[in-house]
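Note sheet for the following structure.
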Amino acid sequence: MKPRHLLATLPVLAVLCFAASTKAQTSPAGRLLASNCFQCHGTNGRGPGFDRLTGESANEIYKELLEFRSGKEGNGIMSAHALGYTDAQLRALAQWLATQR
Ligand code: HEC
């Protein structure tokens with residue numbers, strides 16, 4: 001391969017690296033996402049603080065988060081929080097929280 005051709009592959013490599021790192025950022029583990037909730041809901045969602053997030057099924061937690069996000073539930077604090085997450089992230093959060101006792 002001539003050096004010029006080698007140089008031509010660099011932007012492609014850069015795009016591939018960027019794509020790989022963005023993917024890692026948009027699908028972090030539920031545990032990492034949930035660390036954002038601990039300041040209000042206590043370490044690992046177990047309180048003390050506002051409502052405990054443990055002891056419910058992933059589906060129940062996910063449904064609550066969707067209701068907060070739609071603005072139908074809550075006093076606004078949780079809606080502002082839930083708005084920042086995609087459906088997949090809310091699912092990952094709920095799934096991880098449901099594993100906590
Ligand atoms: C700034 C404080 C704060 C943060 C941060 C926060 N919450 Fe909340 N959360 C609240 C308050 C206050 C309530 C109860 C009031 C309400 O219904 O709006 C609540 C209620 C909830 C409930 C309903 C619990 C139940 O059984 O009724 C869930 C589920 C929940 N939060 C999940 C989360 C998740 C997941 C995160 C992280 C993405 C999070 N919260 C971050 C303050 C917070």
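The values are calculated or read from the model by the stated rules, or taken from the named source; none is laboratory data. Values in this document were obtained by computation on a predicted structure and should not be read as measured data. Cβ sites come from the backbone with ideal geometry, for glycine too, and all protein chains shown count toward neighbours.
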Residues (part of a helix (DSSP H, G or I) and more than 8 Å from the ligand (Cβ to nearest atom)) located in the range 39-59: Thr43, Asn44, Ala58, Asn59
Just to verify a result, which residue in the range 84-101, among those that are part of a loop (DSSP other than H, G, I, E, B) and more than 9 Å from the ligand (Cβ to nearest atom), is surrounded by the fewest Cβ atoms within 10 Å (Cβ to Cβ)? Arg101
For Glu64: the one exception among (1) under 14 Å from the mean Cα position of the chain (by Cα); (2) surrounded by 13 or more Cβ atoms within 10 Å (Cβ to Cβ); (3) at pLDDT 95 or above: (1)
Of those in the range 63-83 that are touching a residue at least 12 places away in the same chain (Cβ under 8 Å) and more than 9 Å from the ligand (Cβ to nearest atom), the residue nearest to Leu97 (Cα to Cα) is Leu66
